[in-house]
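Q: Take this structure, written in structure tokens, and hold onto it; I'll ask about it next.
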Amino acid sequence: MTASSSAPRPEPLLATRSRASHLLRLLAATYPRAACALVWKSPFQLAVATILSAQCTDRRVNLVTPALFARYPNPADFAAASLPDLEEAIRSCGFFHNKARALQALGAELVRAHHGRLPADPADLEGLPGIGRKTANLLRGEVYDIPSLIVDTHFIRLSNRLGLLPAPSEDPLVIERRVQELVPRPEWTHWSHLMIAHGRACCAARAPACGICPVAHLCPSRAIAARSVAAPASPAPAVPRPAPSPRKKR
Ligand code: SF4
């Protein structure tokens, strides 16, 4: 064969795996306290906080949940709550109509089918009201200590920019399966928190700070830096400072 395409060849899996290993080491050193930032005292509280965190900051959720859990301590309390009251209690988290309905339905389903608790079998998490794969994986990782990839918007963006996928994708399941091939299983939950930490602190959606990125030499998208510099209206964010680990109980 003599003909050749001008398109770059895909990186071999072993090379991507090696790069992922370096990324893990460097990001772990950069964000040594990367962890779930939601504050919770029971598995059910973490489920509620995670539902509230959709399209909302963890900081906002942590401001709302103390009063929420004081008023509605258990799934049965959420199931019996007045929808307008529940909406008012979580209004500042955004999308409060949908979130309140999800929380009420989750409480009712846990009472109906799981003795008023999160199911003991993590396989039963997915499909509960308000709990999709991302939330189920977060609960598996945080509550059950089962290594899990939490594929949120940061994870999706960074997986693409870091060239970890054979082809660009926004499909969380495709990305999850691919990263499972690249990162050792015991590190899956940790890797997820590192993606979120780096996405928040440095590799922002609109203005990635490639110029100060600790993994720029491993990133095929680092040319974004040149475009960012060329656009004076998009200043680079501050140098990342990892947030302190939250206090949590199990
Ligand atoms: S070099 Fe730029 S695009 Fe790549 S991970 Fe760092 S901030 Fe993100």
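Q: Select, from 60, 91, 19, 25, the only residue that is surrounded by fewer than 16 Cβ atoms within 10 Å (Cβ to Cβ) and touching a residue at least 12 places away in the same chain (Cβ under 8 Å).
A: After ruling out the rest, the residue left standing is 60.
Q: Also: Going by what's in this entry, would residue 32 be described as in contact with a Pro (Cβ under 6 Å, 6 or more places away or on another chain) and in a loop (DSSP other than H, G, I, E, B)?
A: no
Q: Which one is farthest from the chain's Cα centre (by Cα) among residues in the stretch 161-173 that are without any contact (Cβ under 8 Å) to a residue 40 or more places away in the chain and over 20 Å from residue 14 (Cβ atoms)?
A: Across the stretch 161-173, the extreme among qualifying residues is 168.
Q: Confirm whether residue 185 is among the charged types (D, E, K, R), more than 14 Å from the ligand (Cβ to nearest atom), surrounded by 17 or more Cβ atoms within 10 Å (Cβ to Cβ) and at pLDDT 95 or above. Break it down stepwise before answering.
A: Details: among the charged types (D, E, K, R): yes; more than 14 Å from the ligand (Cβ to nearest atom): yes; surrounded by 17 or more Cβ atoms within 10 Å (Cβ to Cβ): no; at pLDDT 95 or above: yes.
Judged against the criteria, residue 185 is not a match.
Q: Moving to a separate point now. Between residues in the stretch 201-221 that are over 14 Å from residue 157 (Cβ atoms) and near the ligand (Cβ under 8 Å from one of its atoms) and residues that are charged (D, E, K, R) and at pLDDT below 95, which pairs lie under 6 Å by C-beta distance while being six or more apart or on different chains?
A: Once the first residue is over 14 Å from residue 157 (Cβ atoms) and near the ligand (Cβ under 8 Å from one of its atoms) and sits in the stretch 201-221, its partners that are charged (D, E, K, R) and at pLDDT below 95 give 216/222.
The values are calculated or read from the model by the stated rules, or taken from the named source; none is laboratory data. Quick caveat, the model's predicted, so the values are computed rather than measured. A quick note on method: Cβ atoms are made from the backbone with ideal geometry, for glycine too, and the neighbour counts reach across all protein chains shown.
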